[in-house]
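No value in this document is a laboratory result; all are computed from the given coordinates. All values derive from a computational prediction rather than experimental measurement. Positions of Cβ are backbone-derived with ideal geometry, glycine not excepted, and every protein chain shown enters the neighbour counts.
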Amino acid sequence: MEVIYLCKRILKNNNLSNVSLELTEEYNYCMYYELNTRKIFINPSILLEDSSQYDLPFEAYVTIIFCHELGHYLDEELQDIDDLRNLCKLLLNDPNRSDEKGLIKNIRDCSMKAEINAWDIAERFINPVIIKDFKIIKEKSLCLAKETVDLEMQRALIERRLNRR
């Protein structure tokens, strides 16, 4: 089944006609939501590659991932979360600030809040038939997000300390 068709069917079934979808081959993400353009980008080749990690039909995997991105789209807190995260990143670049641990905690918390919100919103759209698979993917995704954020924060600390020299 064509990925865009499946995503559009999910939108139609949930009366969400104003969501913009765009195919891309640019990034290493199977799908991602871009706040500035309010578009969900879909990379079919990465989607197919990522789906092979799970023992479930491709359509179910696409549905789960798309509903997660739809969660970002529908998250009314996302702009505020993103603004706070960006402000903390900006302040972290100031070598005269002494509250780097607090800033890093705020960045980490914002990043995780955005992911948790998206997964919580996504669950509203998931058919009970695939809810078990949804929860497995959600758990793995949140663990990966935490690891990624932690690595990004370690990198930011190192860069900050190098810039202070």
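DSSP finds beta bridges in the chain, and of those with both partners inside it, around 50 percent are antiparallel. The dipole here belongs to the stretch 1-160: it is taken about the Cα centre, uses +1 on the Cβ of Lys and Arg and -1 on the Cβ of Asp and Glu, and is about 260 debye.
Give me Phe66, Phe41, Phe58 sorted ascending by neighbouring Cβ count inside 10 Å, so fewest comes first.
In order of increasing Cβ crowding within 10 Å: Phe58, Phe41, Phe66.
Output the antiparallel fraction of DSSP beta bridges having both residues in the stretch 20-68, as a percent to the nearest 5.
Around 50 percent of the beta bridges assigned by DSSP in the stretch 20-68 are antiparallel ones.
Within the shell defined by Cβ-Cβ distances under 15 Å, the residues around Ser52 carry a net charge of -4, with Lys and Arg each +1 and Asp and Glu each -1.
From the coordinates of this entry, log10 I(q)/I(0) by the Debye sum over Cα atoms at q = 0.08, 0.12, 0.13 Å⁻¹ is computed, and it appears in (1) -0.57, -0.79, -0.85; (2) -0.47, -0.70, -0.76; (3) -0.28, -0.59, -0.68 under the label (3). Computed per residue of the chain from DSSP H runs no shorter than four, each worth -39500 (n - 2.57), the mean residue ellipticity at 222 nm is -22000 deg cm²/dmol. Amide H to amide H, with H built 1.01 Å from N, Met31 comes under 5 Å of Asn43, counting only residues 5 or more places away or on other chains. Summed over all non-identical Cα pairs, the Kirkwood treatment of the stretch 113-165 gives a radius of 13.1 Å. Give Lys39/Lys113; Lys39/Lys140; Lys8/Lys146; Lys8/Lys105; Lys8/Lys89; Lys101/Lys140 a once-over and call out the pairs whose C-alpha atoms are over 28 Å from each other. Over 28 Å apart, Cα to Cα: Lys8/Lys146; Lys8/Lys105; Lys8/Lys89. First check a/c for the stretch 70-165, with a ≥ b ≥ c the square roots of the eigenvalues of its C-alpha gyration tensor; if it is under 1.5, answer rounded, and if not, answer prolate when a/b is larger than b/c or oblate otherwise. Judged from the Cα gyration tensor, the stretch 70-165 comes out prolate (a/c at least 1.5, a/b above b/c).
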